[in-house]
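What follows draws every value from the coordinates through simple rules; no lab data is involved. Small disclaimer: the values here were computed from a predicted structure and weren't measured. FYI the Cβ positions are ideal-geometry reconstructions off the backbone, even for glycines, and counts take in every protein chain you see.
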Amino acid sequence: MLFANYKRADVCFERGEGVWLYDTTGQRYLDFLGGIAVSSLGHAHPALVKAIQEQAGKLLHVSNLYRIPEQEAAGWTLAQLCRMDRVFFCNSGAEANECLLKMARRYAAQKGLPADVVVFENSFHGRTLATTSATGNPKYQEGYQPLLPGFRFAPYNDLPAALAALEHGCAVLLEPIQGEGGVVPADPAFLWELQSACRAAGKLLLLDEVQTGVGRTGEWLAAHHYGLEPDAVAVAKGLGGGVPVGAALAREKLASLITPGSHGTTFGGNPLAMAAVLAVLENVDLERVRVVGAYLKERLECIPGVREVRGHGLLLGVELEVPAGPVADACLSAGLLVNAVRPNTLRLAPPLILTRQEVDHGMKIIKDCLCPQTTSAAVANAPSCN
Ligand SMILES: *Cc1c(COP(=O)(O)O)cnc(C)c1O
């Protein structure tokens with residue numbers, strides 16, 4: 001009855017509490033994937049549950065034909081935390097990126113710049129036709145031709161190639177850490193040089209922080225780690241803690257190009273989603289993300305068979321010496337959720353409420369699942385830390 005577009009594991013979760021999930025057979029699992037960086041407050045967080053319940057009892061939806069105080073409050077708070085001027089609420093990451101791309105088109109037209117947007121190999125920007133066209137991975141584009149024109153690809157972290165492409169464009173759109181691409185951080189110098197080139201030429205730095213935003217990396221935006229001041233940013237995944245919501249954030253010069261009637265979305269910013277956003281923004285603790293994230297990274301680095309750990313805060317890519325798929329499967333059977341984001345890379349994006357004890361529990365499972373699949377030489381060479 002359903003489209004066969006997902007490869008699903010044969011497990012059904014019934015309820016959750018904090019970082020734990022319980023399936024229909026009563027088996028419990030430690031959730032180190034967080035619904036792919038979505039469940040920022042974990043499962044059944046009392047403040048999020050209360051906010052949604054109370055809002056549902058008052059009003060779910062009214063339409064953007066009217067003022068929505070909850071949207072004004074959430075927009076104000078989100079803009080403050082992300083140091084941006086204005087917010088457009090939508091329903092997904094792809095839709096947030098669409099808004100960035102539409103603003104870039106209007107900006108190019110206004111300034112007489114070429115309309116192309118520079119995007120990067122190994123990127124992921126979503127599943128709509130425009131964001132699929134902007135995604136630097138042929139796997140996601142197969143069979144969807146003709147793709148939308150107006151994108152120029154450059155290799156990630158290749159500054160000369162990016163600058164050459166930018167000559168023929170009005171903007172760059174990139175993930176400061178490529179998530180689906182295997183948790184690959186940009187070189188800081190690459191980002192700084194791109195930003196100065198954009199500034200100098202009056203072009204736009206657009207960031208896709210759908211996966212990295214809203215505290216995931218230990219800052220409200222990953223851009224803040226690098227001291228970047230983007231012209232616009234897309235966020236979504238963790239923003240509603242599991243309630244579907246995305247947002248495009250922009251500086252005034254770009255936001256002002258979206259005039260009444262020129263863009264919109266029916267569900268965007270409805271009171272229910274806004275109650276969730278406000279609860280998330282009030283309860284994410286950046287310091288905790290930094291401290292527990294550093295601890296998680298340190299623990300992973302001492303596991304035999306782990307070659308490298310990339311990422312910031314609680315978005316980590318764990319490069320293994322063995323294929324990651326079988327390890328992820330073994331972890332699931334042993335009661336730990338992670339996913340294989342690349343052939344040899346596990347992705348960890350646990351709820352931001354994670355504790356050290358939960359890290360220890362998860363590490364034991366990863367170790368047990370990895371050891372049988374790792375050669376004895378790798379075990380012997382691994383640093384021993386307990
Ligand atoms: C998940 C993701 C998207 C797409 O978000 P959807 O909510 O699935 O549309 C876009 N960009 C990045 C970086 C993502 O991780």
Within the chain, percent of DSSP bridges classed antiparallel, to nearest 5: 65
log10 of Debye I(q)/I(0), alpha-carbon scatterers only, for the range 147-264 at 0.19 Å⁻¹: -1.12
Using the basic label-point model (7 angstrom from Cα toward the beta carbon), what is the residue 229 to residue 266 distance in nanometres? 4.1
Normalised by the number of residues in the chain, what is the relative contact order in percent for Cα pairs under 8 Å and 6+ residues apart? 22
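What order do you get for 38-48, 234-244, 156-166, 8-18 when each peptide is scored by the mean count of other beta carbon atoms within 10 Å, highest first? List each step's numbers first, then the result.
Working: 38-48: 21.2, 234-244: 26.8, 156-166: 17.8, 8-18: 12.3.
Answer by packing, highest mean first, reads 234-244, 38-48, 156-166, 8-18.
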Mind pulling the angle between the C-alpha long axis of helix 188-201 and the longest principal axis of the chain? Nearest 10 degrees, somewhere in 0 to 90. 10
Which percent of Cα-Cα pairs in the chain sits in each 10 Å bin, short to long? 5, 23, 32, 26, 12, 2, 0
Pairs on different chains or at least eight residues apart, Cα atoms closer than 30 Å: how many lysine pairs in the range 1-157 fit? 4
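For the range 52-162, take the alpha-carbon Rg, divide it by the Kirkwood Rh, and send me Rg/Rh.
Working: Rg = 17.8 Å, Rh = 16.7 Å.
Ratio of gyration radius to Kirkwood radius: 1.07.
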With Cα atoms, 0 to 90° folded angle of helix 356-370 axis to the chain main axis: 70
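When you count, for each residue, the other Cβ atoms within 10 Å and take the mean per peptide, how do 192-198, 206-212 rank with the highest first? The partial results should precede the final answer.
Working: 192-198: 17.0, 206-212: 29.0.
By packing density, highest mean first, the sequence is 206-212, 192-198.
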The chain - mean residue ellipticity at 222 nm from DSSP helices (-39,500 (n - 2.57) per run, n ≥ 4, rounded to 500): -11500 deg cm²/dmol
The range 119-177 and the range 18-71 have their Cα centres apart by a whole-number Å value of 32
Sort 284-290, 88-94, 315-321 for me by packing, meaning the mean count of neighbouring Cβ atoms within 10 Å per residue, highest on top. 88-94, 315-321, 284-290
On full extension of the chain, what length is gained from residue 142 through residue 187, given 0.36 nm per residue of separation minus the C-alpha to C-alpha distance? 13.2 nm
Where the centre of each part is set by its Cα atoms, how far does the range 280-324 sit from the range 215-268, in angstrom? 24
Say each of residue 1 and residue 286 gets a label point 7 Å from the Cα, pointing the same way as Cα to Cβ; how far apart are those two points in nm? 4.6
What is the angle, in °, between the Cα long axis of helix 93-111 and the longest principal axis of the Cα atoms in the chain? Nearest 10 is fine, range 0 to 90. 30
